[in-house]
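Some notes on the structure that comes next.
The values are calculated or read from the model by the stated rules, or taken from the named source; none is laboratory data. Because the structure is a prediction, the values reported are computed rather than measured. Here Cβ is always computed from backbone atoms with ideal geometry, including for glycine, and neighbour counts include all displayed protein chains. Accessible surface is based on the protein model in full, side chains and every heavy atom, while ligands, DNA and RNA are left aside. Shrake-Rupley method; radii C 1.70, N 1.55, O 1.52, S 1.80 Å.
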Amino acid sequence: MDLISLPIEKNENRFRLVMAVIKRAKALYQGAMPRIDSKSKKMTSIALEEIISGSINVLSGEAAVKAEEEAKRITYQNMMDEAKQKASFPEEMTKIEKDLQVYLREKEEVVVENTT
């Protein structure tokens, strides 16, 4: 499907359409999976096709504000969960570091024995 033939007229606000395409293309660049099969290779073209086809909901007004606040809250919770995991991680790191040091010492001993 050519981008020229897409029915852009169904969106009443072209600025909102452009902003939605930008946000979706950014998400695609960051690793989000496309929701439609497309022959296009460019992320912006895929994002535009997704929005025009209706597979992506574009929120505006109060609904958009609420969704953004919810996303921030979820992101904050994820960051806190990661911080809690990292707090217990140093103990495991010291064990891994000790194992690595033992491995490196054994490897050095083998190299020294082979050179003499």
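Quick notes on this structure:
- Comparison of GLU62, GLU70, GLU49 shows that the only residue that is on the phi < 0 side of the Ramachandran plot and surrounded by 11 or more Cβ atoms within 10 Å (Cβ to Cβ) is GLU49.
- Scanning region 40-67 for residues that are of a type in the set (A, V, I, L, M, F, W, C) and within 18 Å of ARG14 (Cβ to Cβ) gives ALA47, LEU48, ILE51, ILE52, ILE56, VAL58, LEU59, ALA64.
- Region 24-35, residues that are open to solvent by less than 40 Å² (accessible area, probe 1.4 Å) and assigned to a loop (DSSP other than H, G, I, E, B): ALA32
- All of (1) assigned to a helix (DSSP H, G or I); (2) at pLDDT 85 or above; (3) of a type in the set (D, E, K, R); (4) loosely packed, with under 10 Cβ neighbours inside 10 Å hold for GLU9 with one exception: (2).
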